[in-house]
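Notes follow once the structure below has been shown.
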Amino acid sequence: MEKFSGVVSRILFYNEDNGYSVIEFESDGAILAAAGTAVKLNVGEKIEIEGVWQDHPKYGMQIKIKDLSTVRATDLDSIRNYLSGGLVTGIGPVRAQELIERFGEDVLDIIEFEPNRLTEIRGIGPHTAETIHNSYMEHVSERYVVMELSKIGLSANMAIKLFKRYGKSAVDVIYQNPYKLIDDVNGIGFLRADAIAMQIGFDKNSPVRISAAIRYRMNNSAVSGNTYIPYDELISSCSTALGIGEDDVEDLLGKMITSGRVMIDERGEEKRCFLRHYYECEKLCAHVINDLVNTPGEDIEEVWDIIGQYEKYTLITLAEEQRMAVKTAVTNHFSIITGGPGTGKTTIIKAIVYLLGRFGKTFALAAPTGRAAKRMSEACGEAAGTIHRLLKYEYSGEEDISLSGNFGRNEENLLDYDVIIVDEISMVDVNLLSNLLKAIDVERTSLIFVGDARQLPSIGAGNVLSDLLGVERVPKCELRQVFRQKEQSLIVTNAHRINEGLLPEISKDNHEFAMLNVATQQKIAQAVLKLVESNSFDCRRLIAEDRLQILSPFKKGEAGVLNLNEKIQEIMNPASEETEEIIVGNYRIRNNDKVMQTKNDYNIRWTNINTHETGKGVFNGDMGYVNHIDKSTGEIHVLYEGERRVIYDQTNSDSLILAYAITIHKSQGSEFDCVIIPVFKASMSFLTRNIIYTAVTRAKKRVILIGEGDALRMMVRNDRSSERLSALGDFLSDLG
C-alpha cells in the first residue's frame with residue numbers, strides 16, 4: 001500500500017449513488033490517475049490517497065483507491081478552485097471570485113456559520129444563500145462522516161455507504177449502537193459490528209450486544225435453512241461467542257421473548273426459539289394449507305371420461321398412478337405430486353392443464369426461478385413465470401427480511417385464478433410460500449404443488465415439501481413408475497439407482513453416463529480442465545451455449561467451484577486487449593463471462609431488451625452472461641435468460657461470481673444437456689445421496705463423473721442428509 005498527496009486536476013467520473021470516482025491529480029509535477037470510492041471532489045482540492053497501483057488494459061496504470069481524504073482549502077487560490085468547480089450549488093467561477101473579493105479567506109466560514117451574510121453579494125437573495133449553505137453543508141457532513149469513521153477503522157467506501165443511509169447523523173448512530181449496522185448495511189455482520197463496539201468502549205455485558213448476538217445467531221441458523229433453534233443451544237452458543245455467562249444470555253433472551261421479538265414453541269421438554277418472522281410465516285402457511293385441505297373439492301363425474309379423451313387426443317396412455325394423480329389434483333383444493341426423473345411429472349401437468357381447460361377453469365403456472373419457469377413453459381406449451389412475478393413483486397426499500405418487499409398480490413388483492421400449479425416446489429422456502437398463500441382465495445383457488453422429494457431443500461429457510469409430505473391428511477400422489485426406460489436413458493436409470501442406494505451403471509460403450517476414475521483433488525481438477533481445453537465431448541461449444549455445467553459439491557479446494565472458475569475462465573475467456581475486465585472481490589470478471597447472482601437483491605432493476613418491460617429483483621442462483629463492462633464507471637451489464645438486462649455498479653457487483661462451475665446446491669431448478677461432476681472425499685455432510693442425486697438429475701443428455709470411486713460409494717450410501725429444523729409440519733398437524 002502506498003500513500004500519495006496532490007491537487008485534483010480533473011474529475012473523469014463520479015457516481016452520485018455510491019461515490020465511485022475516477023480522477024486525475026497532480027503530485028510532485030506528475031499527473032496520476034486514481035479510481036475507487038471517495039467523497040465528492042472538486043478540481044483544485046488537496047487530497048491524500050492510500051492505494052495500490054494496478055495496470056488497466058485500456059487506461060494504463062492507475063491507483064486503486066483504498067482510502068482518500070481531503071485537506072481543507074486555506075489559501076485563496078485553493079478556495080477559489082474549490083468554489084469554482086461546481087461542487088457547491090449556486091456558485092460558479094464568477095460568483096466564487098465575488099465571494100473571495102468580499103470575504104477573503106473567511107469565505108468558507110461565512111458559508112457555513114453566517115450564510116445570511118451571503119446576501120451582501122449582488123444577485124444573492126435569502127433563498128440562494130440558503131441553497132448555497134445547504135449544498136456546502138451536505139459535502140462538509142459527508143467529509144466529516146468519512147474522516148470520523150476512518151478513526152475507528154472503517155473504509156471510505158463503507159463510510160460513504162453509512163452516510164447515504166444515515167446522513168450526517170451516521171457517526172452518532174454508530175457510537176450509540178454499532179449493532180444497528182447489522183440490519184441496516186449490507187456487508188457488516190456481527191463480528192464487524194462487535195469489533196467497532198469494542199473499539200468505541202461498549203461493555204461486553206451490554207444488553208445491546210447480547211441482543212445483537214442472539215439475533216445474529218438466529219439469523220445464521222436461518223441462513224443454514226432452519227426456522228428455529230433449540231433454546232439451550234442458542235444460549236450456549238451465544239455465551240461462548242460473547243465470552244460471558246449463560247445466565248446473562250438467558251436473562252436477555254427472556255426479555256426478547258416477553259417483548260415478542262423471539263417466539264417460543266414448547267413441545268414436551270423441547271423449547272424452540274423462532275425469530276418472529278419465521279414463526280409467523282410457518283403459522284400462516286399451516287393455517288392456509290389447513291383451510292385448503294379442509295375445503296371440499298369438486299366431485300366432477302366426468303373426470304375419468306375427460307382423462308380418456310386426453311389420452312386419445314395425445315396418443316398417450318397414462319398409467320394408473322398418473323390417472324390418480326390427475327384426478328387428485330383436479331378434485332382437491334390442495335394436492336402434491338412428487339416423482340423422480342422419467343416418472344411423467346410434465347405429462348401430468350399437461351393433462352391437468354387440458355382438464356382445466358375443459359372445465360373452464362382459469363389457471364397459472366409458476367416456478368421459483370426464471371430458468372425453472374422457462375423449462376415449465378417449454379415443456380407444457382403454456383405461459384409460465386416466476387412466483388415473484390405472479391405475485392407482482394415490488395421492492396419496498398427496507399432491508400429487514402420481514403419487510404423485504406411488497407407483493408402486489410396479497411391478502412388485500414388476491415390472485416384471480418381458479419387453479420395455480422407450482423413446479424419445483426422443493427426449491428420454495430417458507431418466506432416465499434407464505435407470501436404466495438397470503439394471496440390465495442381459499443374458497444375459490446386450488447393449489448397444486450409438483451416436485452421431487454429427493455432433491456435438496458430450498459436455499460432459503462424452511463423445509464416446505466418434506467414437512468408437507470410428512471402430514472398424512474395432505475392429498476398427495478407419488479409417481480414411482482419410470483416411463484423413459486424405452487429411450488435407454490442411463491441418466492434416468494442411474495438417478496433411480498442412486499435413489500435406491502445403488503451405484504450408477506457406467507458403460508464404456510455409452511457416453512451418456514461416463515466416469516473418469518481419478519484420485520486426489522489436484523488430478524480431478526486437472527482432468528476437468530483437460531476436458532474443457534481439449535474440447536472433449538464438444539465441451540467448449542456447449543459451455544459457450546450454456547448447455548454444459550460443471551457442478552461441484554464444494555466451493556473451496558482444487559476441485560471446488562472457486563478454483564475451477566478461475567482456471568476455466570482462462571480457457572474459455574482469456575484476458576486480451578480487446579476484452580474489457582473489472583476486478584470484483586477475488587474475481588476478474590470479463591465481457592462474455594458466465595456469472596451468477598449469489599444473494600437476493602430485491603431492489604436492482606432489470607429491463608427486457610426485447611419487450612422493454614422493466615421490473616426489479618434478481619435472485620440467489622440466477623445465472624447470466626456479461627455483455628458489457630464500462631471500466632470508467634465500474635458498471636457491469638449482465639443478460640439473464642437472454643433478455644433481462646441488469647446493470648450492476650460498485651455497490652452491488654460483489655454479489656456476482658463466475659459461474660462456469662457452480663455448487664450443486666445452486667443448480668436446483670436448472671437443466672443442462674451435459675453436466676460434469678467432480679467427486680472427491682471431504683466433509684461427510686456434503687457426501688450425501690441427495691446431493692449426487694440432485695447433480696445427476698440436472699442433466700438431460702450426458703453425465704460425466706470425474707473422481708474417486710470410493711467417494712461416489714460414500715455419497716450413494718449416505719442417506720443421512722443434513723436435517724433442517726422447521727415446524728411447518730408440526731403446526732399443520734396441530735390443526736388436524
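The values are calculated or read from the model by the stated rules, or taken from the named source; none is laboratory data. If you're wondering where the values come from, they're calculated on a predicted model, not measured in any experiment. Every residue, glycine among them, receives a Cβ derived from its backbone with ideal geometry; neighbour counts consider all protein chains shown. We work out accessible area using only protein heavy atoms, side chains counted, and drop any ligands, DNA or RNA first. Shrake-Rupley method; radii C 1.70, N 1.55, O 1.52, S 1.80 Å.
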Filter result for Asp467 (open to solvent by 10 Å² or more (accessible area, probe 1.4 Å) and under 30 Å from Leu732 (Cβ atoms)): yes
Candidates Phe537, Phe513, filtered to the one that is among the aromatic types (Phe, Trp, Tyr), at pLDDT 90 or above and buried (at least 17 other Cβ atoms within 10 Å of the Cβ): Phe513
Elements of type helices (runs of 4 or more DSSP H) contained in region 173-279, each with 2 or more residues being small (Gly, Ala, Ser) and open to solvent by less than 40 Å² (accessible area, probe 1.4 Å): 190-199, 207-223, 231-242
Hits in region 3-35 - residues which are closer than 20 Å to Met158 by Cα, open to solvent by 70 Å² or more (accessible area, probe 1.4 Å) and in a strand (DSSP E or B): Lys3
Top-ranked residue in region 112-141 [being touching a Lys or Arg at 6+ places or on another chain (Cβ under 7 Å) and in a helix (DSSP H, G or I); ranked as modelled with the highest pLDDT]: Glu120
Residue in region 650-657 that is of a type outside the set (Lys, Arg), touching a Leu at 6+ places or on another chain (Cβ under 7 Å), surrounded by 21 or more Cβ atoms within 10 Å (Cβ to Cβ) and at pLDDT below 95 present: no
All helices (runs of 4 or more DSSP H) inside region 401-506 with 1 or more residues being under 24 Å from Thr331 (Cβ atoms) and of a type outside the set (Val, Ile, Thr): 430-438, 464-469
First in region 714-736 and over 22 Å from His496 (Cα atoms), second anywhere and surrounded by fewer than 16 Cβ atoms within 10 Å (Cβ to Cβ) and among the hydrophobic types (A, V, I, L, M, F, W, C), Cβ under 7 Å, 6 or more apart: none
When residues of region 677-695 are limited to those that are surrounded by fewer than 20 Cβ atoms within 10 Å (Cβ to Cβ) and polar (S, T, N, Q), the one modelled with the highest pLDDT: Ser683
Exclusive hit being hydroxyl-bearing (Ser, Thr, Tyr), open to solvent by 10 Å² or more (accessible area, probe 1.4 Å) and modelled with pLDDT under 95, set Ser721, Ser733, Ser667: Ser721
Scan of region 590-627 for residues that are aliphatic (A, V, I, L, M) and open to solvent by less than 20 Å² (accessible area, probe 1.4 Å), ordered by number: Val595, Met596, Ile604, Val618, Met623, Val626
Residue selected from region 90-102 under the condition in a helix (DSSP H, G or I) and without any contact (Cβ under 8 Å) to a residue 12 or more places away in the chain, by the criterion nearest to Val43 (Cα to Cα): Pro93
Residue check, Val716 open to solvent by less than 10 Å² (accessible area, probe 1.4 Å), in contact with a helix residue (DSSP H, G or I) (Cβ under 8 Å, 6 or more places away or on another chain) and within 28 Å of Arg389 (Cβ to Cβ): no
Total residues in region 299-336, condition free of Cβ contacts under 8 Å to residues at least 60 places away in the same chain and not in a helix (DSSP H, G or I): 8
Failed condition for Gly621, given (1) of a type in the set (Gly, Ala, Ser); (2) in a loop (DSSP other than H, G, I, E, B); (3) without any contact (Cβ under 8 Å) to a residue 60 or more places away in the chain: (3)
Residue that is farthest from Arg540 (Cα to Cα), among those in region 558-589 that are open to solvent by less than 60 Å² (accessible area, probe 1.4 Å) and in contact with a helix residue (DSSP H, G or I) (Cβ under 7 Å, 6 or more places away or on another chain): Val584
Answer from Leu181, Leu154 - the residue that is in contact (Cβ under 8 Å) with a residue 40 or more places away in the chain, hydrophobic (A, V, I, L, M, F, W, C) and under 17 Å from Thr651 (Cα atoms): Leu154
Test: Arg698 is out of contact with any Lys or Arg (no Cβ under 7 Å at 6 or more places or on another chain), open to solvent by 40 Å² or more (accessible area, probe 1.4 Å) and either closer than 27 Å to Ala544 by Cβ or at pLDDT below 95 (or both): no
Qualifying residue in region 322-334 (condition: hydroxyl-bearing (Ser, Thr, Tyr), within 22 Å of Val422 (Cβ to Cβ), in contact with a helix residue (DSSP H, G or I) (Cβ under 8 Å, 6 or more places away or on another chain) and surrounded by 18 or more Cβ atoms within 10 Å (Cβ to Cβ)): no
First in region 436-455 and open to solvent by 10 Å² or more (accessible area, probe 1.4 Å), second anywhere and of a type in the set (Asp, Glu) and outside any loop (DSSP other than H, G, I, E, B), Cβ under 8 Å, 6 or more apart: Val442/Asp291; Ala453/Glu478
Index of the failed condition, Tyr59 passing every other in (1) closer than 30 Å to Asp630 by Cα; (2) open to solvent by 60 Å² or more (accessible area, probe 1.4 Å); (3) at pLDDT 75 or above: (3)
Selection count where residues are open to solvent by less than 40 Å² (accessible area, probe 1.4 Å) and either polar (S, T, N, Q) or assigned to a strand (DSSP E or B) (or both), scope region 36-56: 8
